[in-house]
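Okay, structure first, notes after.
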Amino acid sequence: MSSTAAPARKPVTLHRLREMHAQGEKITMLTAYDATFARLVDDAGVDSILVGDSLGMTVQGHTSTVPVSLDDMVYHTRCVARGNRTAWVIGDLPFGSYQESREQALRSSIALMQAGAHMVKLEGGGWTAETVHFLTERGVPVCAHLGLTPQSVHALGGYRIQGRDEAGATTLRRHARELADAGAAMMVLELMPSGVAREVQADNPGLMTIGIGAGQGTAGQVLVLHDMLNLTRGKLPRFVRDFTAEGGSAEEAVRRYVAAVKDGSFPDESIHGY
């Protein structure tokens, strides 16, 4: 008889995530880049794992996500897929892997999904709506990403809160509507005023918005695993909470994160910015 323990839960599907959203249950997401941490966060009950191009900084030592290649993302997605058993896995499309054409985006998405991703994520609004529509029509689930988009950090002038003025907020709301209409099922909202994030969610009730530095009004939350485990050296974003402060194992810290997102005690609505 095998000594391998049965999974504690059924695999998290897109249908299950939509059910959670409809019932008002917050969705939990963390990054992971390898099999060991994928198994840990899955065992701790995280609903979704983002294989983020943030690995450029956390794993590869770069100062931004821009140098990360599609081959890098395929490799790390494959590692995460091996360690994961039940969480929903999202693979980041890195800079340069989808900007050229819709067809390039499809080829890149296929590579990530064949490596084990259940969904792909791409950054930006405006022109990306056409790409999202092209992908979703071909059976590729898409998570969009608005607000601070790290791949565009040089164009944005650094890690700055987006949508602070009315013009910026209006653009974010318009882009969110376009992406939702194009078929995006999820959307990361990064570093924007909580009021704007709430408006995006209210304007698109079927869209699962996932906040990071965007307040409590989203359908769920995501953090970089290394940040919330206090492994990152240097200055952390102000919205990050150290979930290791109470002691215990890394898995216990992740369980505290899951509980805090589910009960609404994380994030702190008043804290924004880097």
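For region 223-241, filtering for residues that are in contact with a helix residue (DSSP H, G or I) (Cβ under 7 Å, 6 or more places away or on another chain), farther than 18 Å from residue 148 by Cβ and not in a helix (DSSP H, G or I) leaves 2. Only one entry of 82, 107, 102, 78 meets the criterion of being of a type in the set (Lys, Arg) and free of Cβ contacts under 8 Å to residues at least 24 places away in the same chain, and that entry is 107.
Considering the conditions (1) touching a His at 6+ places or on another chain (Cβ under 9 Å); (2) free of Cβ contacts under 8 Å to residues at least 24 places away in the same chain; (3) not basic (Lys, Arg), residue 194 is excluded by exactly one of them, (2).
Just wondering, is there one or more residues in region 12-31 that are surrounded by 14 or more Cβ atoms within 10 Å (Cβ to Cβ) and in contact with a Lys or Arg (Cβ under 6 Å, 6 or more places away or on another chain)?
Taking every residue of region 12-31 in turn, at least one turns out to be surrounded by 14 or more Cβ atoms within 10 Å (Cβ to Cβ) and in contact with a Lys or Arg (Cβ under 6 Å, 6 or more places away or on another chain).
In region 34-73, which residue that is without any contact (Cβ under 8 Å) to a residue 40 or more places away in the chain, under 21 Å from residue 230 (Cβ atoms) and among the polar types (S, T, N, Q) is surrounded by the fewest Cβ atoms within 10 Å (Cβ to Cβ)? It comes out as 63. Taking region 16-54, which residues are basic (Lys, Arg) and within 23 Å of residue 216 (Cα to Cα)? Within region 16-54, 16, 18, 26 qualify. The residue of region 200-222 that is nearest to residue 144 (Cα to Cα), among those that are under 12 Å from the mean Cα position of the chain (by Cα) and free of Cβ contacts under 8 Å to residues at least 40 places away in the same chain, is 209. Every condition in (1) surrounded by fewer than 19 Cβ atoms within 10 Å (Cβ to Cβ); (2) part of a loop (DSSP other than H, G, I, E, B) holds for residue 255 except the one numbered (2).
Each reported figure results from applying straightforward, stated rules to the coordinates on display, with no laboratory input. This structure is a prediction, so every number in the text was calculated from the model and none was measured. Counting neighbours? That spans all protein chains shown, and the Cβs are built from the backbone with ideal geometry, glycine included.
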